[in-house]
Amino acid sequence: MHPCETKRLMAALTAAALLLAVAPRLAAAGDQEVAKAKFQEGMALIKEENYPAALAAFEESYKLVPKPGLLYNIAMCQKALFRYVESIAAFEKYISAMGANIKPDMKLTAEQALSDMRKLVGTILIDEAPDGSEVFVDDRSIGRTPMKEALLADPGQHSIRVERDGYKPLRTEVNVASGATIAVRAKLRAVAAWIKIACESESAIVHLDGKVVGGCPYEGEVQPGEHEVKVLEAGKAPFVQKVEVASGGTATVAVSLEAGGEPGEGDGEKRPRGLLIGGIAALAVGAGAGVLGGVFAAKRGDALDTVENPASRDEYDAAGEDAKKYHGVMIGGFVGAGVFIAAGAVLIVLDQRGREKTEGDADAVAVRAAPGGIAVEF
């Protein structure tokens, strides 16, 4: 920020500080002291132009003792950080909260800031969404449709999510320019039922009704009724839960994985597969040996042609020696190819059988929470 802007900001915040000093003291004495210290910390940080840290200090002070004057400080910091939408909301709340107690010069400064920032922001219009749909901008819930006004948005890229029970969620990205309005057509598609599976770890694998459906988090359309959710991760105890999904409804499963699984247990498709890798490597070596045998078979053929039609005694003797040498390499290549290809095939078959056995063992017994204890299902 330009030095002149910083001086004007400091002057405005100092005026706000005087209002805070005479504001009514309603909070506990301990909170008052901490809030005062945070406020002073924020003022010191403003002098250093450390606006992110100053904003955090002012917000903490306001959380402890919500004095309306602090909203001015918060709004000014947000404006300095180009967080215009949040700054507009804070200024509007400040003017409303201060009411008749607001000083004319402070009101004028706030209104001028509002006027300037409203020219810099854009708007997002959510169109055609079913009533009651929840709207998220950059993963922050904004409200539900129908919305009376378009959503203010800072210039730049934003993620939009619109969701409602019984419908497939909409996710999209929009680029908002100052003064522009972006219309998002959120005509959601109705689904039979929807399931959402939330995990603490993104490396976990989700099984739905015995089939791998992907990583975690996961969401997708299902048929109404009971479904079994199983989530596996290496080194963690399997999570198994049955969930009932109503027709047109959305069921959410919050997964918490606890330590206790065997090493390598539960990571499904991500588990190292040594036999498979060894089998593929053996096949590759076998193929290479076969190619080598073929090359030397061709060389042996050329040498034998020379033996049959030599130009001299020396050429005859040399070609004979080459033919014997190439013959040995050819036989070794073809035999090696056969051995390695056979070994590779055996390793791949053993890997497949091992996977089938592991999956069978995992599906044989299911453990779930039940009233009064643990239920074991076979």
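The values are calculated or read from the model by the stated rules, or taken from the named source; none is laboratory data. Nothing here was measured: the structure is a model prediction, and the numbers come from that model. Cβ coordinates were reconstructed from backbone atoms using ideal geometry, including for glycine residues, and neighbour counts include every protein chain displayed.
What number of residues in the range 186-227 are outside any loop (DSSP other than H, G, I, E, B) and charged (D, E, K, R)?
5
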- [ ] Determine, yes or no, whether VAL231 is surrounded by 14 or more Cβ atoms within 10 Å (Cβ to Cβ), in contact with a His (Cβ under 8 Å, 6 or more places away or on another chain), modelled with pLDDT of 90 or more and within 30 Å of GLN352 (Cβ to Cβ).
- [x] yes
Task: strands (runs of 3 or more DSSP E) contained entirely in the range 65-149, each with at least 3 residues that are among the hydrophobic types (A, V, I, L, M, F, W, C) - done: 122-127, 134-137
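Assess whether ALA150 counts as being modelled with pLDDT of 95 or more, outside the structural domain of VAL231 (by TED's automatic domain parsing) and of a type in the set (A, V, I, L, M). Spell out how you get there, then give the answer.
Details: modelled with pLDDT of 95 or more: no; outside the structural domain of VAL231 (by TED's automatic domain parsing): yes; of a type in the set (A, V, I, L, M): yes.
Spelling it out, it is not the case that ALA150 is modelled with pLDDT of 95 or more, outside the structural domain of VAL231 (by TED's automatic domain parsing) and of a type in the set (A, V, I, L, M).
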Task: Candidate set: the range 93-113, residues that are under 39 Å from the mean Cα position of the chain (by Cα), of a type outside the set (Ser, Thr, Tyr) and surrounded by 17 or more Cβ atoms within 10 Å (Cβ to Cβ); chosen: the one nearest to LYS67 (Cα to Cα) - done: ILE95
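I need the full set of residues from the range 52-83 which are aromatic (Phe, Trp, Tyr) and buried (at least 23 other Cβ atoms within 10 Å of the Cβ), in order please. Working first, answer last.
Residues of the range 52-83 that are aromatic (Phe, Trp, Tyr), as a first pass: 58, 62, 72, 82.
Selection gives PHE58, TYR72.
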